[in-house]
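Data block below; observations after.
The values are calculated or read from the model by the stated rules, or taken from the named source; none is laboratory data. Values in this document were obtained by computation on a predicted structure and should not be read as measured data. All Cβ positions, even for glycine, are placed from backbone atoms using ideal geometry, and neighbour counts span all protein chains on display.
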């Protein structure tokens, strides 16, 4: 609980202050609500940029040099929703925070504050879902093609390798980091 308190009470406000101070994320805050199509394409853009940043940063934090930082997140081997944000402050900033912020940083003032809030709400909900341990057939986060699941991410926490993707299995598939799960599934089926 101390780590979560540190990340949410100290880290987020400090990072938000510096982001505002130097103007990294400059979303629109006018009174004109964005069109649905604008919201849609910007959320899709954020999903893609988040996936790319998250995959490579997560994989990097599994290298021997950075794993001592990432290990804090792996203290939870059983899936519990709040463990999604349970991370060392350095990882929280460079993996979690930057992954979610990459799309809004690129979009800048093209993104409305409403779209930004929808994106952040979606992202936090999805990461909690990935760590929940439950795969419900009606899960709204699983409607996208090639979506990951709680079971997919559970494998990462129990084997401590592979399955680095956050939302979609595509990068794991293309870069061969889903192979451990495939080998395990094949062994169980034989």
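Whether a residue is part of a helix (DSSP H, G or I), buried (at least 20 other Cβ atoms within 10 Å of the Cβ) and modelled with pLDDT of 85 or more was assessed, and residue 177 does not pass this test. Each residue in the stretch 110-132 was checked for being out of contact with any helix residue (DSSP H, G or I) (no Cβ under 9 Å at 6 or more places or on another chain) and at pLDDT below 85, and 0 of them qualify. The listed residues are 52, 93, 39, and the only one of them that is under 15 Å from the mean Cα position of the chain (by Cα) and modelled with pLDDT of 95 or more turns out to be 52.
Could you please let me know if residue 107 is at pLDDT 90 or above and out of contact with any helix residue (DSSP H, G or I) (no Cβ under 8 Å at 6 or more places or on another chain)? Answer is no for this residue. Each residue in the stretch 53-91 was checked for being surrounded by fewer than 16 Cβ atoms within 10 Å (Cβ to Cβ), more than 18 Å from residue 154 (Cβ to Cβ) and touching a helix residue (DSSP H, G or I) at 6+ places or on another chain (Cβ under 7 Å), and 2 pass. Would it be correct to say that residue 164 is surrounded by 17 or more Cβ atoms within 10 Å (Cβ to Cβ), under 13 Å from the mean Cα position of the chain (by Cα), at pLDDT 85 or above and assigned to a helix (DSSP H, G or I)? So residue 164 fails the test. For the stretch 82-89, the count of residues that are more than 22 Å from residue 133 (Cα to Cα), in a helix (DSSP H, G or I) and touching a residue at least 40 places away in the same chain (Cβ under 8 Å) is nonzero.
For the stretch 142-161, the candidate set comprises residues that are part of a helix (DSSP H, G or I) and touching a residue at least 24 places away in the same chain (Cβ under 8 Å); within that set, the residue that is farthest from residue 124 (Cα to Cα) is 159. Within the stretch 101-141, restricting attention to residues that are over 11 Å from the mean Cα position of the chain (by Cα), part of a helix (DSSP H, G or I) and free of Cβ contacts under 8 Å to residues at least 40 places away in the same chain, the residue that is farthest from residue 167 (Cα to Cα) is 117. If we scan the stretch 133-140, do we find a residue that is closer than 28 Å to residue 25 by Cβ and at pLDDT 80 or above? Looking for residues that are closer than 28 Å to residue 25 by Cβ and at pLDDT 80 or above, one finds at least one in the stretch 133-140, hence yes.
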